[in-house]
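Undergrad: Structure in C-alpha coordinates, see below.
The values are calculated or read from the model by the stated rules, or taken from the named source; none is laboratory data. Since the structure is predicted, the reported quantities are computational estimates derived from the model, not experimental observations. Heads up, the Cβs are rebuilt from the backbone with ideal geometry, glycines too, and the neighbour counts pull from every protein chain shown.
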Amino acid sequence: MGLRREARELALQMLYALDSNSSVGLRETLQTFREEQGETAGKVREFAEGLVYGVQSQRAVIDEAIRSRSKNWSLTRMPRVDLNVMRLATYELMFRSDIPKKVSINEAIEIVRRYGDKESPAFVNGILDEIEACAKTELSSEEQ
(Lines give C-alpha, C1' and ligand atoms only; values in the text may rest on other atoms or scores of the structure.)
Protein backbone atom coordinates (compact mmCIF):
# COMPACT_ATOMS: atom_id res chain seq x y z
CA MET A 1 0.00 0.00 0.00
CA GLY A 2 1.31 3.43 -0.92
CA LEU A 3 2.07 6.12 1.62
CA ARG A 4 -0.77 8.36 0.47
CA ARG A 5 -3.32 5.54 0.58
CA GLU A 6 -2.16 4.72 4.10
CA ALA A 7 -2.45 8.43 5.00
CA ARG A 8 -5.95 8.67 3.55
CA GLU A 9 -7.05 5.63 5.54
CA LEU A 10 -5.58 7.17 8.70
CA ALA A 11 -7.34 10.47 7.90
CA LEU A 12 -10.60 8.54 7.48
CA GLN A 13 -10.12 7.04 10.93
CA MET A 14 -9.45 10.48 12.41
CA LEU A 15 -12.53 12.02 10.78
CA TYR A 16 -14.65 9.08 11.88
CA ALA A 17 -13.40 9.53 15.45
CA LEU A 18 -14.23 13.24 15.32
CA ASP A 19 -17.75 12.43 14.07
CA SER A 20 -18.26 9.78 16.72
CA ASN A 21 -17.31 11.95 19.67
CA SER A 22 -18.09 15.61 19.10
CA SER A 23 -17.08 16.51 22.65
CA VAL A 24 -13.43 15.79 21.79
CA GLY A 25 -11.78 18.45 19.67
CA LEU A 26 -9.49 18.21 16.68
CA ARG A 27 -6.26 18.71 18.65
CA GLU A 28 -7.15 16.04 21.18
CA THR A 29 -8.14 13.59 18.46
CA LEU A 30 -4.91 14.15 16.54
CA GLN A 31 -2.87 13.79 19.72
CA THR A 32 -4.57 10.50 20.53
CA PHE A 33 -3.78 9.21 17.05
CA ARG A 34 -0.16 10.35 17.34
CA GLU A 35 0.19 8.39 20.58
CA GLU A 36 -1.57 5.30 19.24
CA GLN A 37 0.12 5.35 15.84
CA GLY A 38 3.66 5.93 17.09
CA GLU A 39 5.13 3.60 14.48
CA THR A 40 3.40 5.38 11.59
CA ALA A 41 5.86 7.08 9.24
CA GLY A 42 6.13 10.85 9.66
CA LYS A 43 5.17 11.54 6.03
CA VAL A 44 2.04 9.41 6.37
CA ARG A 45 0.95 11.15 9.55
CA GLU A 46 1.80 14.59 8.12
CA PHE A 47 -0.27 14.02 4.95
CA ALA A 48 -3.16 12.53 6.97
CA GLU A 49 -3.23 15.41 9.42
CA GLY A 50 -3.08 17.92 6.56
CA LEU A 51 -6.14 16.29 5.02
CA VAL A 52 -8.01 16.30 8.32
CA TYR A 53 -7.19 19.96 9.00
CA GLY A 54 -8.26 20.81 5.45
CA VAL A 55 -11.55 18.94 5.70
CA GLN A 56 -12.33 20.47 9.06
CA SER A 57 -11.49 24.00 7.93
CA GLN A 58 -13.67 23.68 4.79
CA ARG A 59 -16.31 21.37 6.23
CA ALA A 60 -19.31 23.63 5.62
CA VAL A 61 -18.40 24.04 1.93
CA ILE A 62 -17.59 20.35 1.56
CA ASP A 63 -20.79 19.21 3.26
CA GLU A 64 -22.87 21.55 1.08
CA ALA A 65 -21.21 20.17 -2.06
CA ILE A 66 -22.07 16.61 -0.97
CA ARG A 67 -25.56 17.53 0.26
CA SER A 68 -26.51 19.28 -2.96
CA ARG A 69 -25.59 16.22 -5.04
CA SER A 70 -27.04 13.48 -2.88
CA LYS A 71 -30.65 13.25 -3.91
CA ASN A 72 -32.96 11.82 -1.25
CA TRP A 73 -30.08 11.43 1.22
CA SER A 74 -29.41 13.80 4.07
CA LEU A 75 -25.90 13.78 5.50
CA THR A 76 -27.24 12.39 8.78
CA ARG A 77 -28.67 9.34 6.95
CA MET A 78 -25.44 8.50 5.15
CA PRO A 79 -23.15 5.84 6.55
CA ARG A 80 -20.33 7.59 8.46
CA VAL A 81 -17.64 5.81 6.47
CA ASP A 82 -19.13 6.84 3.12
CA LEU A 83 -19.63 10.43 4.26
CA ASN A 84 -16.10 10.83 5.59
CA VAL A 85 -14.53 9.23 2.52
CA MET A 86 -16.51 11.70 0.40
CA ARG A 87 -15.40 14.57 2.62
CA LEU A 88 -11.76 13.63 2.10
CA ALA A 89 -12.12 13.27 -1.65
CA THR A 90 -14.22 16.43 -1.98
CA TYR A 91 -11.57 18.36 -0.09
CA GLU A 92 -8.96 17.08 -2.52
CA LEU A 93 -11.17 17.81 -5.55
CA MET A 94 -12.03 21.33 -4.49
CA PHE A 95 -8.95 22.55 -2.62
CA ARG A 96 -5.90 20.47 -3.60
CA SER A 97 -4.87 21.28 -7.15
CA ASP A 98 -1.64 19.31 -6.62
CA ILE A 99 -3.57 16.03 -6.55
CA PRO A 100 -5.06 14.81 -9.86
CA LYS A 101 -8.84 14.67 -9.64
CA LYS A 102 -9.03 11.10 -10.96
CA VAL A 103 -6.58 9.98 -8.29
CA SER A 104 -8.76 11.48 -5.55
CA ILE A 105 -11.86 9.73 -6.88
CA ASN A 106 -10.13 6.38 -7.46
CA GLU A 107 -8.56 6.44 -4.01
CA ALA A 108 -11.95 7.21 -2.42
CA ILE A 109 -13.57 4.31 -4.26
CA GLU A 110 -10.84 1.88 -3.23
CA ILE A 111 -10.99 2.99 0.41
CA VAL A 112 -14.79 2.83 0.60
CA ARG A 113 -14.68 -0.58 -1.10
CA ARG A 114 -12.50 -1.74 1.79
CA TYR A 115 -14.37 -0.07 4.66
CA GLY A 116 -17.91 0.50 3.39
CA ASP A 117 -20.64 -1.88 2.34
CA LYS A 118 -21.31 -3.36 -1.10
CA GLU A 119 -23.32 -0.32 -2.33
CA SER A 120 -20.79 2.23 -1.09
CA PRO A 121 -18.45 2.37 -4.12
CA ALA A 122 -21.24 3.18 -6.59
CA PHE A 123 -22.83 5.73 -4.25
CA VAL A 124 -19.54 7.51 -3.52
CA ASN A 125 -18.45 7.41 -7.17
CA GLY A 126 -21.71 8.98 -8.35
CA ILE A 127 -21.51 11.90 -5.95
CA LEU A 128 -17.80 12.53 -6.48
CA ASP A 129 -18.20 12.43 -10.28
CA GLU A 130 -20.81 15.19 -10.00
CA ILE A 131 -18.58 17.24 -7.72
CA GLU A 132 -15.68 16.84 -10.14
CA ALA A 133 -17.86 17.84 -13.11
CA CYS A 134 -18.99 20.99 -11.29
CA ALA A 135 -15.41 21.80 -10.31
CA LYS A 136 -14.36 21.50 -13.97
CA THR A 137 -17.23 23.75 -15.09
CA GLU A 138 -16.38 26.37 -12.47
CA LEU A 139 -12.70 26.25 -13.39
CA SER A 140 -13.48 26.64 -17.11
CA SER A 141 -15.73 29.64 -16.49
CA GLU A 142 -13.06 31.28 -14.29
CA GLU A 143 -10.45 30.91 -17.05
CA GLN A 144 -12.63 32.71 -19.60
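Undergrad: Being among the aliphatic types (A, V, I, L, M), at pLDDT below 90 and part of a helix (DSSP H, G or I) is the filter here; which residues of the range 36-53 pass it?
TA: 44
Undergrad: So residue 33 ticks every box in (1) buried (at least 17 other Cβ atoms within 10 Å of the Cβ); (2) modelled with pLDDT of 90 or more; (3) among the aromatic types (Phe, Trp, Tyr) but one. Which box is left unticked?
TA: Answer for residue 33: the failing condition is (2).
Undergrad: On the basis of being in a helix (DSSP H, G or I) and surrounded by fewer than 20 Cβ atoms within 10 Å (Cβ to Cβ), does residue 106 make the cut?
TA: Yes.
Undergrad: I need the full set of residues from the range 110-144 which are of a type in the set (A, V, I, L, M, F, W, C), out of contact with any Ser or Thr (no Cβ under 9 Å at 6 or more places or on another chain) and at pLDDT 95 or above, in order please.
TA: Those that are of a type in the set (A, V, I, L, M, F, W, C), out of contact with any Ser or Thr (no Cβ under 9 Å at 6 or more places or on another chain) and at pLDDT 95 or above: 111, 122, 124.
Undergrad: Would you point out the residue of the range 57-78, among those that are in contact (Cβ under 8 Å) with a residue 40 or more places away in the chain and part of a helix (DSSP H, G or I), that is farthest from residue 125 (Cα to Cα)?
TA: Among them, the one singled out is 65.
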